[in-house]
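A.B. asks: Let me begin by handing over the structure; questions about it come next.
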């Protein structure tokens with residue numbers, strides 16, 4: 001199995017677990033003399049099997065990410081770099097948004113507010129980081145499809 005397939009299965013299982021939790025919650029109470037739409041015990045067994053599979057996948061995905069090297073870095077290091085870059089881009093976007101706000105004055109006697117940053121320079125840096133993020137994500141996706149899951 002390729003790493004990308006394991007990642008997709010992990011996402012599917014996470015969705016399935018959430019659905020199973022909701023289905024169980026919808027079937028744990030029933031009016032006296034009535035039957036539930038689904039058997040909670042069967043749903044519980046399905047939930048347990050899904051959780052076991054999820055634990056297996058997470059363990060092996062993490063092991064694969066730690067042991068697989070791309071351009072001298074592990075996939076784990078590249079993922080961390082991507083996550084940090086994404087946070088940095090979001091922070092910079094918030095700062096640029098705040099610095100771009102214009103304050104209109106009704107009278108010339110009111111205090112003039114102006115940006116303390118060069119919005120264009122910050123935006124150019126955001127654009128550069130966005131390109132770096134796309135390239136990094138492409139590299140990760142490519143290697144996810146090339147790399148076999150360590151089992």
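A.B. asks: Given the residues 70, 30, 49, which is the only one that is modelled with pLDDT of 95 or more and loosely packed, with under 14 Cβ neighbours inside 10 Å?
C.D. replies: Testing whether each residue is modelled with pLDDT of 95 or more and loosely packed, with under 14 Cβ neighbours inside 10 Å leaves just 49.
A.B. asks: Can I ask one more? Can you tell me which residue among 84, 98 is over 30 Å from residue 145 (Cβ atoms) and surrounded by fewer than 15 Cβ atoms within 10 Å (Cβ to Cβ)?
C.D. replies: One residue alone meets the criteria, 98.
A.B. asks: Additional query: Would you check if there is a residue in segment 7-16 being more than 16 Å from the chain's Cα centre (by Cα) and either touching a residue at least 60 places away in the same chain (Cβ under 8 Å) or part of a helix (DSSP H, G or I) (or both)?
C.D. replies: Yes, because at least one residue in segment 7-16 is more than 16 Å from the chain's Cα centre (by Cα) and either touching a residue at least 60 places away in the same chain (Cβ under 8 Å) or part of a helix (DSSP H, G or I) (or both).
A.B. asks: Which residue pairs have Cβ atoms under 6 Å apart, sit 6 or more places apart or on different chains, and have a first residue in segment 117-144 that is under 29 Å from residue 99 (Cα atoms) and in the same structural domain as residue 98 (by TED's automatic domain parsing) and a second that is modelled with pLDDT under 95 and surrounded by 14 or more Cβ atoms within 10 Å (Cβ to Cβ)?
C.D. replies: 117/99; 119/99
The values are calculated or read from the model by the stated rules, or taken from the named source; none is laboratory data. Computed from a prediction, not measured in an experiment: that's the story for all the values here. We place every Cβ from the backbone using ideal geometry, glycine too, and count neighbours over all the protein chains shown.
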